[in-house]
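Working notes, beginning with the structure itself.
Taken together, the values in this text are just the output of simple stated rules run on the coordinates, not laboratory data. Note that the structure is predicted; figures quoted are calculated from it, not measured. Here Cβ is always computed from backbone atoms with ideal geometry, including for glycine, and neighbour counts include all displayed protein chains.
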Amino acid sequence: MSLRRFLYGGAVLSVGLTCTLGLWLVVRQDFCDNVILQVTNNLGGEWQAVAFKRNCGATTSESINISLLADHDVPHGSGNIFVSEASDVTLTWHSPSLLEVDYNPADRVFRQLTDYSGIKIHYSPRPL
């Protein structure tokens, strides 16, 4: 194998790996904006419920998301317990392990967990 062929192959491999890494970083990037609407800590102080508006651009509609997070954590991605096209939600802790979510029942709901890491979530549709 000649030195020229060896160097050419190394350059092609280097460019290919760089392009692959760049594409992987772009695909992993979250291009959505999260705007926090409400944060409330449970009575034990270990968990916080965070309601936030998520906007991922012109091709999707805004959504209201709720995540249960360790205290002082911030939400990344979509909500881990609730996602909907809701206009707004209200969060209320009734005990260290019971969260109530008040929402409009006319809104489309995409995710609605009733239990997360030992926390019970009760959903209360608000009267129309």
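Tell me whether region 51-94 comes out rounded, prolate or oblate; compute the Cα gyration tensor, take square roots of the eigenvalues as a ≥ b ≥ c, and use a/c under 1.5 as the rounded threshold. In terms of gyration-tensor shape, oblate. A crude spin-label estimate for the pair H94 and V74, with each label 7 Å from Cα along the Cβ direction, gives 3.3 nm.
Note that region 98-104 has calculated 3J(HN,Hα) couplings of 9, 10, 10, 10, 9, 8, 7 Hz, one per residue in order, obtained from phi through the Karplus relation 6.51 cos²θ - 1.76 cosθ + 1.60 (θ = phi - 60°); glycine and proline are x.
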